[in-house]
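Asks: Take a look at this one; I'll ask things after.
The values are calculated or read from the model by the stated rules, or taken from the named source; none is laboratory data. As the structure is a computational prediction, the values presented were derived from the model and not from experiment. Cβ placement follows ideal geometry from the backbone for every residue including glycine, while neighbour counts extend to all protein chains displayed. We work out accessible area using only protein heavy atoms, side chains counted, and drop any ligands, DNA or RNA first. Shrake-Rupley method; radii C 1.70, N 1.55, O 1.52, S 1.80 Å.
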Amino acid sequence: MAALTAGWPLIDRTLNDHEPVRNGAVLELGPDDDIALLRVVGEGWALSKSASDPQSAYALSRDGVDMVAGYVDLSGGGETGELWSGLRRVQSVADGDSRLGGPRPVAGTRGAKGRTGTLTRDGRTGTATLWLPPDRSYAVEVTVLAKPGTDPRVRADAMAMARGVSFPPGMP
């Protein structure tokens, strides 16, 4: 009986992987001083607890839209110009039929600079975006994928979140 009682929290976490995230919540992504901020736009988003870790990635979903924001460490000496080809390789590993279009410059709603392109995978379409802080010491990769027929308002909220990535003042 004691083992069963002690196991309930683990069972609950396993069965209840999705945690509601409120509109306007700010998620901090990255280790120590390399923090990026992701502001949740719209009601109804759920955070996958098993696929999320504030140090490395957040996975959110809502009504047919999946969004993943991940931290990319660039301290290993890789060139920022190699990021897009690396992102393309990562996407093809996730699904051999994934297609990532060519990058084009993008400016975020809070002044961040990055590159974005069209992403298709598993019959879903969306975007992949790479954001760089001013010192280019790390990057934030955001993918948004929507199922066909997804409510355009949900897709718009996801795109607003992707464009809203920011780097706090005083951070690199």
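Asks: Let me have the 222 nm mean residue ellipticity of the chain computed from DSSP H runs of 4+ only, each contributing -39500 (n - 2.57), with the sum over all residues rounded to the nearest 500.
Replies: -7000 deg cm²/dmol
Asks: For every other residue with a beta carbon closer than 12 angstrom to the beta carbon of Arg99, add +1 if it is Lys or Arg and -1 if Asp or Glu, then tell me the sum.
Replies: Surrounding charge for Arg99 is 0.
Asks: If you keep only loop residues by DSSP, which GluC sites (Glu not before Pro) in the stretch 68-172 have at most 15 other Cβ atoms within 10 Å of their Cβ?
Replies: Sparse-neighbourhood loop GluC sites (Glu not before Pro): Glu79.
Asks: How much area per residue is accessible in the stretch 114-172 when the probe is 1.4 Å and only protein heavy atoms are counted (Å²)?
Replies: I get 42 Å² per residue for the stretch 114-172.
Asks: Moving to a separate point now. Can you give me the Cα centroid spacing of the stretch 29-61 and the stretch 108-167 in angstrom?
Replies: Going from one Cα centre to the other spans 13 Å.
Asks: Quick one: putting +1 on the C-beta of Lys and Arg, -1 on the C-beta of Asp and Glu, what dipole do you get for the chain around its Cα centre, in Debye to the nearest 20?
Replies: 660 debye
Asks: Looking at [x] 55, 48, 25; [y] 60, 30, 27; [z] 58, 40, 32, which value of Cα extents along the principal axes in Å comes from a calculation on the structure shown?
Replies: Answer label, from the structure shown: [z].
Asks: Expected output is a single nm value to one decimal: the length gained when fully extending between Arg136 and Asp122, i.e. 0.36 nm times separation in residues minus the C-alpha distance. What is it?
Replies: In short, 1.9 nm is gained.
Asks: Could you work out the relative contact order of the chain? I mean the mean sequence separation of Cα pairs under 8 Å and 6+ apart, divided by the number of residues, in percent.
Replies: Once normalised by length, the contact order is 22 percent.
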